[in-house]
Amino acid sequence: MLKPKRKIIRKEIKKDPVLEKIAQTEHFLREKGKLLSYVLIAVLVVAVLSIAMIRSKNKANREAAGELGIAQMALTVGDVDNAIVQFEALIDRNPGTKSAGMATLMLASAYMSKDDYENGELNYRKYIDDYGHEAMFIAAAYNGLGVCYEKKEDFQKAADYFKKGGDESPYEFLKTECYINAIRNYLEIKNTAKAEALLKQIDPDNLDYKMKSEYDVLAAKVAVLKELI
């Protein structure tokens, strides 16, 4: 007779730094009880995965990854100014490394949380130009650029960046987020054709309640604008 598998207890999870980091992040999300944008979610995913880099055989990479984890924890607990200082120092000390790339993306997110869209944009661009090798994180960076331009009320550029993010994303959840954002901005400039084209690329049956509600509102706006043409 097969014995049931023994459950992994929290004490055992803490023995693995990667699993412990995931547990800490999940605890933070539950405690804060706030909605995070997919940009920040992507950044947190990068940060969690970066802990695995500590196991690298290269001493410099291990040290940089350790610094990245410490800076990310500061960002996670809301110590944004301290996180910014640490991310910038890491980037200066380790230019061109994978850790510096991750730090650049998280630095952009940190600035965005302070409504500093100028520095947010600067670092999203830097990530895309200098470190953009992972499609998911390139998509997140384009989504971030879209947010920057939407705040400037440059809806054309915002829509185009959001669309780029959706086109780049290998994952449906982020692709949908980007396309919804793009549609909203295309409608601001009355570009009904592009808005409708993106609507057709989204399967409404696979959306959660919040996203489905936004999709329905945008679809209704497209229908109204088409009647006015």
Candidates Ala220, Ala193, Ala197, Ala141, filtered to the one that is of a type in the set (A, V, I, L, M, F, W, C) and within 30 Å of Ala100 (Cα to Cα): Ala141
Leading residue by the ranking (nearest to Cys148 (Cα to Cα)) among those in the range 82-119 that are modelled with pLDDT under 90 and more than 15 Å from the chain's Cα centre (by Cα): Ala100
Condition met for Glu134 (surrounded by fewer than 16 Cβ atoms within 10 Å (Cβ to Cβ) and closer than 30 Å to Asn206 by Cα): no
Yes/no for Tyr161 being assigned to a helix (DSSP H, G or I), over 19 Å from Tyr124 (Cβ atoms) and of a type in the set (Phe, Trp, Tyr): no
Residue tally, condition assigned to a helix (DSSP H, G or I), within 13 Å of Ser113 (Cβ to Cβ) and over 17 Å from the mean Cα position of the chain (by Cα), over the range 67-81: 2
Number of positions in the range 149-175 that are out of contact with any Lys or Arg (no Cβ under 9 Å at 6 or more places or on another chain), crowded, with 20+ Cβ neighbours inside 10 Å and within 16 Å of Asp115 (Cβ to Cβ): 0
In the range 134-158, residue farthest from the chain's Cα centre (by Cα) [restricted to those that are among the aromatic types (Phe, Trp, Tyr) and under 14 Å from Glu121 (Cα atoms)]: Tyr149
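The values are calculated or read from the model by the stated rules, or taken from the named source; none is laboratory data. All values reported here derive from a predicted model rather than from experimental measurement. Every residue, glycine among them, receives a Cβ derived from its backbone with ideal geometry; neighbour counts consider all protein chains shown.
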